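No lab work stands behind these numbers, since they all come straight from the coordinates. Because the structure is predicted, anything quoted here is derived from the model rather than measured. Methodologically, a virtual Cβ is constructed for each residue, glycine included, from the backbone with ideal geometry; neighbour enumeration extends over all protein chains shown.
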Amino acid sequence: MNIKLEKIKSFRLFVLKQISNLTSEQLNTIPAGYNNNIIWNLGHLVSATQAICYKRAGLAVTIDDQYFTPFLPATKPGSFIDNKEIIIIKELLISTINTLNTDLENNLFSNYTKSERIEQVYGIDVSNIDDAIEILLYHKGFHSGYIVGLIRLV
């Protein structure tokens, strides 16, 4: 497996372990002063990977839209996510990285286009799939801090 994707996968497994004892109510809780919750952040990690890697390459996302669009940037939790969907989101955290690795090995990202939005938001040039995976490492770090903070509040 690609070393960077291994790191992302390891992080996601770590996060899943950290939240393993939380209830669906705790995962859905939006603490005072916050605009999202733990399960939204997990869904966002899945969705962002799809947007940053697949959409920028002109490829279809590899997940159902219900796990993509509601978790894009500038969204927030719209409704309670039940246990069945929580399980799916948790599974997608790992399976999508495995799929991304396979697709990377099969050279599916040759049509990757530069992302002006990421450059504007983070000041980082993302012009190919390797850059995209690099930004995912940064992105996971950002959201890991957010998730850890939310765990302490629920």
Problem set entry | Loop trypsin sites (Lys or Arg not before Pro), segment 21-116, which have at most 16 other Cβ atoms in a 10 Å radius of their Cβ (DSSP) | Lys114
Problem set entry | Over the chain: helical MRE at 222 nm, DSSP H runs n ≥ 4 each giving -39500 (n - 2.57), nearest 500 | -18500 deg cm²/dmol
Exercise. Given a cut-off of under 8 Å on Cα pairs at least six residues apart, what relative contact order in percent is computed for the chain?
Worked result: 32 percent
Problem set entry | For segment 1-55 versus segment 65-79, the gap between their alpha-carbon centres in whole angstrom | 13 Å
Exercise. For the chain, what is the convex hull volume of the alpha-carbon atoms per residue, in Å³?
Worked result: 104 Å³
Exercise. For the cross-link pairs Lys55/Lys140; Lys4/Lys114; Lys4/Lys76; Lys17/Lys55, which exceed 26 Å when the distance is taken from alpha carbon to alpha carbon?
Worked result: Lys4/Lys76; Lys17/Lys55
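Could you calculate, for segment 39-124, the ratio of the Cα radius of gyration to the Kirkwood radius, expressed as Rg to Rh?
When Rh is taken as the Kirkwood radius, the ratio is 0.99.
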